[in-house]
Amino acid sequence: MSPLEYFALASIALLFLMGTPLTVAFSLGSIIILIESMGLPINNLAQLFFSAMNSYTLLAMPFFILAGNVILRCEGVKHLRDFLNRMVGHLPGGMAAAIIIFAAFLGSVSGSATACLAIIGTIFVPMMVESGYSRPFASGLTVTSAGLGAVIPPSIFFIVFGSANRIPIADLFMGGIGPGLLAATLMIITAIIISKKRGFKSTTVATNAERWDSFKKAFPLALMPIIVLGGIYSGQFSPTQAAAVSVFYSLFMAKILYKKFSKKDFVDSIVSTARLSSMIYFLVVGGELFGKVLGYIGLPQLIAQWVIDMNLGPVAFLLMAQGILLFMGFFFSSFPMVIIVLPLFLPSVYSLGIDPVLYGALAIFCSIIGEVTPPMGPQLWIAAPICKEKIGNIMRESWVFLGVQVFALILTTLFPAISLFLVNFIR
């Protein structure tokens with residue numbers, strides 16, 4: 001490489017370490033290499049920016065975010081909380097299990113770990129504390145459970161990764177269900193064991209009438225993932241069309257069924273969606289530029305050749321890749337990982353005959369786990385004020401559930417059918 005290319009890469013690293021917005025950090029150095037070394041005309045930069053965002057499949061992302069924001073501002077999630085609490089809250093560890101089930105279900109509505117964390121931390125943590133659970137335990141369970149919302153479809157991470165790397169988003173959705181539900185099941189078992197061991201109390205037993213009443217109120221929300229995902233896999237509409245349908249259905253529930261959605265709520269939903277979507281689109285642009293530079297340097301090919309020279313089999317490679325991604329999660333947040341780091345291993349994935357859907361599901365799960373691991377751990381910083389608990393206390397209670405999630409990753413790696421069974425069935 002020329003001195004200019006070394007300078008550009010060094011500037012990217014320096015800007016990143018200085019805390020510069022990631023889009024700026026990755027774009028500035030990449031533009032220097034694109035223009036000076038790769039000969040890209042400066043007039044084509046705008047076209048390159050536009051082409052990075054001009055994706056029909058990527059359009060599903062802001063629609064799903066908007067649907068999630070609408071749902072979070074109406075009464076639907078409270079009715080679902082009441083239903084789960086009345087069904088299992090009286091059992092030992094029942095409310096802890098309800099948090100995990102709620103997070104897994106909320107992921108099928110919002111597709112965002114941050115949205116799940118905000119609503120669970122606001123609604124469930126105070127309830128658990130009042131019922132006798134310790135606040136650090138409730139907070140640690142909340143922050144780790146929220147990650148399930150980004151694995152179980154529809155997931156924003158799957159949409160971004162699939163659209164950028166030409167992997168069918170519908171297949172990625174199906175590939176995430178198995179690992180997500182496995183992790184949720186193992187977390188429920190762990191939470192119940194811990195709750196029994198520590199003697200956490202349970203709520204009073206609800207009557208059948210109360211359970212039926214809460215079910216009727218929660219049913220419209222429970223129907224939403226069936227409509228969205230059922231429409232995708234029955235061939236009625238594409239993931240992008242399904243995202244648009246989810247917006248109309250969420251507005252119908254909020255305004256007509258629950259009647260708890262004001263004009264201010266609508267404006268706030270639009271603004272929140274625009275903020276998050278803009279951030280993701282800018283990251284996509286920065287990732288596209290940096291990806292072209294990495295391709296020019298030949299880094300993906302170097303990684304692929306390194307894997308070939310090591311004579312790694314598919315299972316060993318996946319375990320190695322997950323170890324690297326989990327380690328990087330200590331220092332990177334999830335979206336830059338998904339946009340920039342995960343594609344680097346794809347040439348090796350294809351050369352080893354690994355289904356890219358399996359790799360995508362496992363790698364994205366690793367990236368989401370990194371959201372909770374310090375020192376970066378953005379979800380920890382968000383959880384602290386929401387759950388009203390110190391980060392150190394939250395982290396201390398989180399490790400066991402993070403370990404359970406890693407164990408679920410290992411099981412899925414050893415038994416790929418956990419992820420691919422539904423994918424192959426739909427194909």
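Which of the numbered conditions does PHE16 fail, given that it passes all the others? Conditions: (1) open to solvent by less than 10 Å² (accessible area, probe 1.4 Å); (2) closer than 30 Å to ALA164 by Cβ.
Every condition holds for PHE16 apart from (1).
Test of understanding: among ARG211, ARG198, which residue is open to solvent by 60 Å² or more (accessible area, probe 1.4 Å) and touching a helix residue (DSSP H, G or I) at 6+ places or on another chain (Cβ under 9 Å)?
One residue alone meets the criteria, ARG198.
Looking at the stretch 154-265, what helices (runs of 4 or more DSSP H) fall wholly within it and have at least 2 residues that are of a type in the set (Lys, Arg)?
Filter on the stretch 154-265 gives 169-198, 208-233.
Could you please let me know if GLY132 is within 21 Å of LYS197 (Cβ to Cβ) and in contact with a helix residue (DSSP H, G or I) (Cβ under 9 Å, 6 or more places away or on another chain)?
no
What number of residues within the stretch 215-240 are surrounded by fewer than 16 Cβ atoms within 10 Å (Cβ to Cβ), within 22 Å of ILE426 (Cα to Cα) and free of Cβ contacts under 8 Å to residues at least 24 places away in the same chain?
8
Could you list all residues from the stretch 150-166 that are open to solvent by 10 Å² or more (accessible area, probe 1.4 Å) and at negative phi?
ILE152, PHE157, SER163, ALA164, ASN165
Quick one: in the stretch 47-64, which of the residues that are open to solvent by less than 30 Å² (accessible area, probe 1.4 Å) and hydrophobic (A, V, I, L, M, F, W, C) is farthest from ILE35 (Cα to Cα)?
Ranking the qualifying residues of the stretch 47-64, first place goes to PHE64.
Could you count how many residues in the stretch 81-125 are closer than 28 Å to ILE159 by Cα, open to solvent by 10 Å² or more (accessible area, probe 1.4 Å) and at pLDDT 80 or above?
Qualifying residue count for the region: 1.
Scan the helices (runs of 4 or more DSSP H) fully inside the stretch 294-389 and keep the ones with 1 or more residues being free of Cβ contacts under 8 Å to residues at least 12 places away in the same chain, among the polar types (S, T, N, Q) and surrounded by fewer than 23 Cβ atoms within 10 Å (Cβ to Cβ).
It comes to 299-310.
The values are calculated or read from the model by the stated rules, or taken from the named source; none is laboratory data. Predicted model only: the values in this text are computed from it and were never measured. Please note: Cβ atoms are built from the backbone with ideal geometry, for glycine as well, and neighbour counts cover all protein chains shown. Accessible surface areas use protein heavy atoms only, side chains included; no ligands, DNA or RNA. Shrake-Rupley method; radii C 1.70, N 1.55, O 1.52, S 1.80 Å.
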